[in-house]
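Peer 1: Below you will find the structure I want to go over with you.
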Amino acid sequence: MARLQQRLDSQSSVMLSFFLFLTIKWVTAATPKDDFCRRFEHQSTVIDDKLYIDGGTVNYKDFPSSRENHDNTWLGYHDLNDLVSIKGELWPNFKIGLSKNDRYQLLSSRP
């Protein structure tokens, strides 16, 4: 009886761990850097060889199945002097560590 209880406890732990993994994966927020598909309706400017992108709309990599547009609240930039290889092609590295108030678009004169 004790062995059966240990086996059930072990199986329950494995199932609980698997369920928690799926839950965390499901609720983890998508980011324009890691899950990017396309962006549009944004404002951009180049300052000191950096292409800043603010606002607009973004589609994430699940767009072909979800067909969802999301507000892009990130202020990011491409460093035009810092190239990274993506699938054998060189692209400006995209960085999203800048902070801003999400209520305002920084690069637009539009209200």
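FYI, it's all coordinate maths here, none of it is from the lab. This structure is a prediction, so every number in the text was calculated from the model and none was measured.
Peer 1: Explain nothing, just compute: Karplus ³J(HN,Hα) = 6.51 cos²θ - 1.76 cosθ + 1.60, θ = phi - 60°, for every residue of the range 71-77 in order, whole Hz, x for Gly and Pro.
Peer 2: 5, 9, 9, 7, 9, x, 8
Peer 1: Find how much the distance from N81 to D35 grows on full extension, using 0.36 nm per residue of separation minus their present alpha carbon separation; answer in nm with one decimal. Provide the component values of the computation, followed by the final result.
Peer 2: Details: separation 46, 0.36 × 46 = 16.56 nm, distance 2.29 nm.
Contour length minus the Cα-Cα distance gives 14.3 nm.
Peer 1: Sticking with this structure for a sec: Please give the contour-minus-distance gain from I96 to S44: 0.36 nm per residue of separation, less the Cα-Cα distance, rounded to one decimal in nm. Spell out each step's value before the answer.
Peer 2: Values: separation 52, 0.36 × 52 = 18.72 nm, distance 1.40 nm.
Extending this stretch completely gives an extra 17.3 nm.
Peer 1: Which aspartates and glutamates, if any, have their Cα less than 20 Å from the Cα of K61, not counting same-chain residues under 8 positions apart?
Peer 2: D34, D35, E41, D71, E89
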